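Read the structure below first, then the notes.
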Amino acid sequence: MKALSLHPQNAAAVAWGDKLVEYRTWQTNYRGPLLICASAKRQAGFLAGYALCVMNLEGIYHFPDGSYGWRFSPFPTGRSYHIEPVPVKGRQRLFNVDDALIRPVDWERQGQVDEERAEQWFDKVYRPLIQS
């Protein structure tokens, strides 16, 4: 799967649906599922060096200043496709990650989220990996 590294704070914002546009100085012709990875740059309170979710790269918009806005959209379920965090060594530009490493979380199925299971998963799996 195609992947993109973001600073940990931005990757978390994309994973939790708070950020749907990423600004870059370059563009790509690729559109479709994109694995969102948090770069290894440590930021207190955020997961670093892990793949977090899959979003849909729906389009890239060119701005007058020469920058590009990469527009992410959730899948038809209305949410990003959360995965079990997997260590990933990020790279500049788009890079490939083996599909076998990508495992969806078990609390999100067909657009329905079991909030209690999601909170338990977050406390058990995600929170221990966060940088302090």
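List of remarks:
- Entry note, the chain: the mean residue ellipticity at 222 nm calculated from DSSP H runs of n ≥ 4, each adding -39500 (n - 2.57), is -3000 deg cm²/dmol after division by the residues and rounding to the nearest 500.
- Cα centre as origin, Lys/Arg/Asp/Glu Cβ charges: the chain dipole, Debye: 540
- Under 15 Å from the Cα of LYS2 - aspartates and glutamates, other chains or at least 8 residues apart: GLU58, ASP98, ASP99
- Annotation: amide H of ALA48 within the under-5 Å range of GLN131, sequence separation 5 or more or interchain, hydrogens built in the peptide plane.
- The mean sequence separation of alpha-carbon pairs under 8 Å and at least six residues apart, normalised by the residue count of the chain, gives a relative contact order of 28 percent.
- Antiparallel content of DSSP bridges confined to segment 2-129, in %, to 5: 85
Just so you know, all these numbers are worked out from the coordinates, no wet-lab data involved. Since we're looking at a predicted model, the values are computed, not measured. All Cβ positions, even for glycine, are placed from backbone atoms using ideal geometry, and neighbour counts span all protein chains on display.
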